[in-house]
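The values are calculated or read from the model by the stated rules, or taken from the named source; none is laboratory data. Computed from a predicted structure; not experimentally measured. So basically every Cβ, Gly included, is an ideal-geometry build from the backbone, and we count neighbours across all protein chains shown.
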Amino acid sequence: MSEKVKIMMTFRLEQEHIEEIKAIDPRIELLYEPSLMGLPRYKAHHVGFCGTPEKEKQWLDMLSKAEVIFGYIAPSRSRNLSKIAPNLKWVQSPSTGIGQMVYRSGLSASDIIFTTAGGVHVTPLAEFCMMSMLMFVKDAFRMSREKYHKHWERYCGTELKEKTLAIISLGRTGREVARLARCFGMHVIGTKRTTEGIDPESLGVEELYPCNDLKPMLSQADFVILCIPHTSETVGLIGEDELKSMKRGAVLINIARGVIVDQPALIDALKSGHLGGAALDVATPEPLPADNPLWDMPKVIISPHSASAVDSENAKLTELFCDNLRRYLDGRPLRNVLDKNLLY
C-alpha cells in the first residue's frame with residue numbers, strides 16, 4: 001500500500017480517541033477538522049457538519065479524498081455519495097440500525113462496505129429494559145406520585161421472578177436482555193428468524209418461536225421487548241391483532257424502531273387498559289409531537305431515543321473502529337458488515 005489511506009471523521013471525538021486512531025498505523029492519514037462540526041450537547045452526541053458555504057466547500061473537499069469514513073453521512077449527501085466521495089470504500093457507522101439509510105439512499109447497490117456499531121450499545125439497551133420492567137413491578141409511578149403529594153401509605157408491589165418475558169429477535173441485545181432477565185428468575189421466551197435445529201438454551205431462552213406467528217408467544221408474556229431490526233418485513237409487525245393477543249395488563253417495551261409498532265393501535269390498547277403500560281425509546285415520528293397522547297399517559301415511559309447513549313460510548317466505538325481499521329489495512333474480513341439485502 002504505497003499511498004496513505006485517508007480516513008475522514010464526520011463527528012467530534014475526544015482527543016484521546018483521535019490519538020488512538022492515529023497510532024494504529026503509519027499508512028493512515030486522518031482528515032479531522034472539529035471546527036467544521038457542531039458542538040455536542042452531551043457526551044457522545046455525534047454532531048456532523050455545521051457551517052458556512054465556505055466551510056461546506058472544505059467539508060466536501062475532505063469527502064472527495066476519503067477512502068474511509070468513521071461517522072454518519074447526512075441524508076442530503078448520502079444520495080449522491082458515490083459522486084461526492086468517489087474514493088470511498090468503507091463506512092464505519094457509530095449506529096447499529098443503518099440498513100434503512102443505506103437502502104433509501106440507493107447505496108445498497110454500491111460497492112461501498114458499511115459496518116455497523118453492532119454490540120456497542122448492547123449493555124445500555126439491556127439495562128434500559130431491566131429498568132423499565134423493575135419500574136412496573138415495583139410501581140415507581142406510584143412512588144413518584146406519592147412523593148410529589150408528600151403522602152406516606154404502604155402498598156403491595158410484585159416481583160420479576162416467575163414473570164414471563166418475550167423477546168422479539170434474539171440478536172446480541174436480545175440475548176443480553178435474556179441473560180439479565182434470567183438472573184432475576186424470569187421465564188424467557190423469544191423469536192429468531194430461523195428456529196429449525198436451534199436449541200433455545202443456546203440463546204438463553206426456554207422456548208423459541210418463529211417471527212411470522214407471534215400470537216402464541218405474545219399470549220404468554222407479562223413483558224414483550226422489541227429488539228428486531230427495521231426492514232420492510234418488520235414495519236407494523238406489532239399491530240392491533242398482536243396487541244389484542246397480549247395478556248391483559250402486559251407491558252410493551254420498544255428499543256427497536258417506532259415503525260415496528262402500529263402507534264395508534266398501541267395508544268388505543270393503553271387507553272382501554274388492555275395493556276398495563278409501555279416503555280418507549282423510539283416513536284413515530286421522532287421527535288414525538290407535543291400533542292401525542294403518549295406524553296400524558298401515566299404508565300408510559302418515554303425515552304428520547306437515548307437508551308443506548310452512555311458516557312462510555314465513544315470509547316467503545318473507537319475500540320471497534322480501531323479493530324476494523326487494522327483488519328481493513330491487513331485485508332482481513334471486517335466485523336459487523338451490513339448485509340445489504342437483509343439490511344442488518
Checked Leu252, Leu343, Leu294 against criteria (over 30 Å from Lys22 (Cβ atoms) and part of a helix (DSSP H, G or I)); the one match is Leu294
Identify the single condition in (1) farther than 27 Å from Arg104 by Cα; (2) in the same structural domain as Glu162 (by TED's automatic domain parsing); (3) surrounded by fewer than 18 Cβ atoms within 10 Å (Cβ to Cβ); (4) touching a residue at least 24 places away in the same chain (Cβ under 8 Å) that Asp296 does not satisfy, given that it satisfies every other one. (4)
Which ones in segment 21-68 are closer than 19 Å to Asp323 by Cα and in a helix (DSSP H, G or I)? Ile21, Lys22
Exactly one condition in (1) crowded, with 19+ Cβ neighbours inside 10 Å; (2) closer than 24 Å to Ala307 by Cβ is false for Gly48; which is it? (1)
Could you go through segment 92-109 and let me know if any residue there is of a type in the set (A, V, I, L, M, F, W, C), farther than 29 Å from Leu180 by Cα and assigned to a loop (DSSP other than H, G, I, E, B). no
Note on segment 281-296: residues within 24 Å of Leu218 (Cβ to Cβ) and in contact with a Gly (Cβ under 8 Å, 6 or more places away or on another chain) are Val282, Ala283, Thr284
With (1) under 21 Å from Ile255 (Cβ atoms); (2) among the hydrophobic types (A, V, I, L, M, F, W, C); (3) outside the structural domain of Leu165 (by TED's automatic domain parsing) as the list, and Ala74 as the residue in question, which single condition is left unmet? (1)
